[in-house]
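Chemist: My questions will all concern the structure given below.
The values are calculated or read from the model by the stated rules, or taken from the named source; none is laboratory data. The shown structure was predicted, so the numbers you read here are calculated from the model rather than taken from an experiment. Here the Cβ is made from the backbone with ideal geometry for all residues, glycine too, and neighbour counts use every protein chain on show. With ligands, DNA and RNA removed, areas are computed over all heavy atoms of the protein, side chains included. Shrake-Rupley method; radii C 1.70, N 1.55, O 1.52, S 1.80 Å.
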Amino acid sequence: MDRVEGLMRGLKLSEAERKGVKIGGAGGDLEKQGAVKVLQAVGKVLAQKPVIADAVANALGPVWCPMKGVSCKELGENIFLFNFYQAGGRKKAVESGPWMFEKDLIVMEEYDPNKTAEQYEFNSIPIWVRMYKLPLGMMKKETGEKLGELVGEFMEMDGVEDGMAFGKCLRVKIRYWARESQQWFCMVKEPGLAKVAERWRAPVGDVIKINCDGAFHAEHQQGGWGFAARDDKGILHGAGAGHIAYVASALQAEAMACAGAVQAAASWGMGHIQLELDSLTLVNALCGSEFDRAPEGILFRDIRSFIQLNFISCEVSFAPRSCNKVAHAMAELGAGQLDQCVIWLDDVPDAVSVLLASESAVPV
C-alpha cells in the first residue's frame with residue numbers, strides 16, 4: 001500500500017489533464033435556475049412497484065393546481081420532478097399533505113438545482129397532530145411547540161390568538177419521519193421477524209364503525225363501491241355495494257363509497273359513527289376544505305354537509321388496507337358482479353361472510 005501511495009504522489013499531470021470545467025457559480029447556470037425554483041419540487045412514491053409519471057400527475061395535479069395542473073418527469077426509481085403551473089401549487093405540495101398515490105405515501109421536497117436525484121433524502125412529511133386533554137393553562141403556542149418537537153419537527157400551529165389556543169385540542173403541524181409513518185401499513189412484531197399485518201379493530205362504546213372502499217378499473221373507467229357497518233362486538237349492522245358505470249379516478253370511487261355509506265347509516269337511524277377509510281387523501285378531504293377545488297370537491301362538500309345534518313357525532317379515520325378487507329371485497333363485488341346498488345342488513349354474500357368471521361375472530 002505504501003508503495004502504491006508513493007507512485008501516486010509521483011504522478012504528474014499534463015497541461016491538458018490539468019484543465020477543468022467550471023459550471024454554475026455566481027451568475028452561472030445553476031444560479032439562473034433560481035427563477036424556476038418556486039415552480040418545481042421533487043417527490044418520491046414509497047411503493048414496491050414502478051409508478052408511471054403521467055398517472056401521478058393526473059392524480060395529484062387537480063389537487064395541487066386545480067386550474068392548470070402539473071407535469072411530472074421521472075428522475076429515478078419512483079422519483080419525479082414536478083412542474084407546477086400555479087405558484088401556490090408548489091407550496092401546497094411541499095408544505096401540506098400527507099399525499100398518497102394509490103395508497104402509497106408520497107414524500108415531497110423542495111427543488112434544489114445543486115442536488116442529484118440520489119442526494120434527495122425523502123425522510124419526512126408534514127402532518128397535523130391533535131393533542132387532547134390538556135389543562136387550560138397549557139392551551140398555548142409554547143406547549144404546541146414543545147410537544148411537537150417531541151414527536152417530530154415543529155412547523156406551525158392552528159387556531160392561536162395572542163399566543164393562546166381555544167377548542168377541544170391543540171392542532172400542531174410537524175414534520176414526521178416518512179419511513180416511520182409507513183407503520184400505518186404494517187407493523188413489525190419483533191426485530192428480524194416477518195411483518196404482521198394489522199387487523200380490523202372494533203369501535204368503542206355505542207359508536208358504529210363503517211369501513212368504506214372504492215374500486216377503480218382505469219382501463220374501462222369503471223369501478224365499484226362498498227361498505228360495512230359494525231358495532232363494538234363486531235356484529236354487522238348493514239353493508240352495501242354498487243357498480244359505477246363511469247368513474248374518473250380512484251379517489252372519486254372512494255368518495256362515492258363514503259357517500260353511499262353515510263346515506264345508508266342515516267336511513268338506519270345511526271347517531272354516532274366512525275368512518276374508517278384506507279385513502280389518506282379522502283380522510284384529509286373530509287376533515288377540511290383543502291381539497292374542495294379538486295375535481296371531486298363537490299362530492300367532498302356534499303358528504304361533509306350530509307354528515308353535519310344527519311349525525312350526532314362522526315369521526316373520520318385512516319386505516320391500512322389490511323384493516324379494510326371487508327369493504328374492499330364489497331367494492332370489488334360492486335365493480336365486477338353487480339349492475340345496481342344492493343344493501344344487506346344481515347345476509348351478505350358468502351365470501352364476505354368469511355371475511356367478517358375471520359376479522360371478528362380473536363387471534364391466538
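Chemist: Could you check how much of the accessible area of segment 45-159 is carbon and sulfur, as a whole percent, using a 1.4 Å probe?
Modeler: Ligands and nucleic acids excluded, carbon and sulfur give 50 percent.
Chemist: Express the carbon and sulfur contribution to the solvent-accessible surface of segment 245-345 as a percent, rounded to the nearest whole number, probe 1.4 angstrom.
Modeler: Result for segment 245-345: 51 percent of the exposed heavy-atom area is carbon or sulfur.
Chemist: So, for segment 32-122, what is the accessible surface per residue at a probe of 1.4 Å, expressed in square angstrom?
Modeler: That works out to 49 Å² for each residue.
Chemist: Here's another thing I want to ask about it. Considering only C-alpha atoms, what is the centroid distance from segment 93-163 to segment 220-255, in Å?
Modeler: With segment 93-163 and segment 220-255 each reduced to a Cα centre, they are spaced 31 Å.
Chemist: Right, something else. May I ask for the net charge around Leu345, where only other residues with Cβ less than 14 Å from the Cβ of Leu345 are counted and Lys, Arg are +1 while Asp, Glu are -1?
Modeler: Around Leu345, the charge tally is -2.
Chemist: Turning to a different aspect of this structure: With Cβ to Cβ distances under 11 Å as the rule, what net charge do the other residues near Val51 carry (K, R +1; D, E -1)?
Modeler: -3
Chemist: Suppose all protein chains stay in the model; what accessible area per residue would a 1.4 Å probe give for segment 277-364, in Å²?
Modeler: Heavy-atom SASA per residue in segment 277-364 reads 53 Å².
Chemist: Once phi is turned into θ = phi - 60°, what whole-Hz ³J(HN,Hα) does the Karplus curve with 6.51, -1.76 and 1.60 give for every residue of segment 216-230, x standing for Gly and Pro?
Modeler: 10, 10, 4, 5, 10, 6, 10, x, x, 9, x, 7, 9, 10, 9
Chemist: In addition: Determine the gain in length on full extension of the stretch Glu142-Met164; use 0.36 nm per residue of separation and subtract their C-alpha separation, reporting nm with one decimal.
Modeler: Value of the extension gain: 7.0 nm.
Chemist: For a quick check of your reading of the filter: which chymotrypsin sites (Phe, Trp or Tyr not before Pro) in segment 113-171 sit in a DSSP loop and have no more than 13 other Cβ atoms within 10 Å?
Modeler: Those satisfying the criteria are Phe166.
Chemist: While we're on this one: Between Ala202 and Ala266, 0.36 nm times their residue separation minus their Cα-Cα distance comes to what?
Modeler: In short, 21.0 nm is gained.
Chemist: Would you work out the relative contact order for segment 234-364, in percent, from Cα pairs under 8 angstrom that are 6 or more residues apart?
Modeler: Value for segment 234-364: 40 percent.
Chemist: So which GluC sites (Glu not before Pro) in segment 112-176 are both in a DSSP loop and have at most 14 other Cβ atoms within 10 Å of their Cβ?
Modeler: Passing sites in segment 112-176 are Glu121.
Chemist: For segment 192-270, report the accessible area per residue in Å² (1.4 Å probe, heavy atoms, rounded to an integer).
Modeler: 42
Chemist: State the extension gain, in nm to one decimal, for the chain segment bounded by Gln337 and Asp112, taking 0.36 nm per residue of separation less the distance between their alpha-carbons.
Modeler: Here the answer is 76.1 nm.
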